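Working notes, structure below.
The values are calculated or read from the model by the stated rules, or taken from the named source; none is laboratory data. Fair warning: this is a prediction, and the values are worked out from it, not measured in the lab. Cβ placement follows ideal geometry from the backbone for every residue including glycine, while neighbour counts extend to all protein chains displayed.
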Amino acid sequence: MGADAVAYLVDLGLSRNEAQAYVTLLEHPDAEGATGYEVAARSGVPRSAIYTVLGKLEQSGAVFCVGERPGRYVPTDPTRFVEHLRQVSEGRLARAADALQDVPKRRRPEPIWTVSRYEDVLRRIDEMIRAATTSVYLSVWAREMDQLREAADAVAAGKMHRVLYSPEPFEAPPGFSCWFDETADEQKARWSHKALVVVDRREALIGGTEPDVDNHGVWTSNPSLIDVATNHIILDITRLSRETGRDCTGDVAPMMRPHLDGV
């Protein structure tokens, strides 16, 4: 039986018995369908429950019954059935959204989530970058950038403000304006790796990026913390600009809040 198909149908809201019965009917060699007894025998659904299961599938539009004594069950074309499920789900989501808009809302502080494991920190950064629509500001080390390459490549095209700072040089990701601190410093080898990530000025991640330790990272949409992360990257770029003589205005000005732009 198509185990993956059963699992996905369960994700869409069918019970496991319903999903097994539907997939069994799709796999059944007889084009005229199968009896409830045959479906139970092939699917593993208990005989005592099979007609209740098939009745629910009829109600959801997944199967239809032809003939009598015994009736034979024929599966609806999968493309048509999935489209029906999509329409039902979209209708439910639309109704839920409308209902939630009518619920009185109280202003609450922006949430702050803790991210500790190295893999979880990098996964969160990857997801943030891929979801970007207007801007991505990064401060990361080469080791972490190696694992974020695919995400950086995914946002390389289009009109987006992309700026990257790193304490060490490496191959620049496409589309990013990169600021690498190439100053030779033996102490850098002992520095703990940290990451600052700001996406669309709506979310930020601040924290360590060290394997096998608690990195105490935070991921947040809190405007004050987003400003802190952004300003930290701006300061590093501004420092490099002064040391190297490279103009940073084009990168830094869009990173500032509107009332600070050009100051």
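Scanning region 126-153 for residues that are more than 16 Å from the chain's Cα centre (by Cα) and of a type in the set (Gly, Ala, Ser) yields 135, 139, 142. I need the full set of residues from region 1-24 which are within 16 Å of residue 77 (Cα to Cα), out of contact with any Gly (no Cβ under 7 Å at 6 or more places or on another chain) and surrounded by 19 or more Cβ atoms within 10 Å (Cβ to Cβ), in order please. Once the filter is applied, which keeps residues that are within 16 Å of residue 77 (Cα to Cα), out of contact with any Gly (no Cβ under 7 Å at 6 or more places or on another chain) and surrounded by 19 or more Cβ atoms within 10 Å (Cβ to Cβ), region 1-24 yields 6, 9, 18, 19, 21, 22, 24. Inspection of region 229-237 identifies at least one residue that is surrounded by 12 or more Cβ atoms within 10 Å (Cβ to Cβ) and in contact with a Lys or Arg (Cβ under 8 Å, 6 or more places away or on another chain).
Tell me, yes or no, whether region 111-125 has at least one residue that is in a strand (DSSP E or B), buried (at least 18 other Cβ atoms within 10 Å of the Cβ), among the hydrophobic types (A, V, I, L, M, F, W, C) and within 17 Å of the chain's Cα centre (by Cα). Yes, region 111-125 contains at least one residue that is in a strand (DSSP E or B), buried (at least 18 other Cβ atoms within 10 Å of the Cβ), among the hydrophobic types (A, V, I, L, M, F, W, C) and within 17 Å of the chain's Cα centre (by Cα).
Taking the conditions exactly as written (within 17 Å of residue 138 (Cα to Cα) and in contact with an Asp or Glu (Cβ under 7 Å, 6 or more places away or on another chain)), does residue 167 satisfy them or not?
Working: within 17 Å of residue 138 (Cα to Cα): yes; in contact with an Asp or Glu (Cβ under 7 Å, 6 or more places away or on another chain): yes.
Against the criterion (within 17 Å of residue 138 (Cα to Cα) and in contact with an Asp or Glu (Cβ under 7 Å, 6 or more places away or on another chain)), residue 167 qualifies.
Check 152, 157, 195, 184 and return the single one that is in contact with a Gly (Cβ under 9 Å, 6 or more places away or on another chain) and either modelled with pLDDT under 90 or in a loop (DSSP other than H, G, I, E, B) (or both). Spell out how you get there, then give the answer.
Numbers: 152 fails: either modelled with pLDDT under 90 or in a loop (DSSP other than H, G, I, E, B) (or both); 195 fails: either modelled with pLDDT under 90 or in a loop (DSSP other than H, G, I, E, B) (or both); 184 fails: in contact with a Gly (Cβ under 9 Å, 6 or more places away or on another chain).
Just one listed residue meets the conditions, 157.
Residues in region 49-93 that are closer than 14 Å to residue 15 by Cβ and part of a loop (DSSP other than H, G, I, E, B): 60, 62. From the list 60, 48, pick out the single residue that is modelled with pLDDT under 90, loosely packed, with under 15 Cβ neighbours inside 10 Å and polar (S, T, N, Q). After applying the criteria, what remains is 48.
Before we move on, is residue 212 within 27 Å of the chain's Cα centre (by Cα) and surrounded by fewer than 19 Cβ atoms within 10 Å (Cβ to Cβ)? Considered against the rule, which asks whether it is within 27 Å of the chain's Cα centre (by Cα) and surrounded by fewer than 19 Cβ atoms within 10 Å (Cβ to Cβ), residue 212 comes out as yes.
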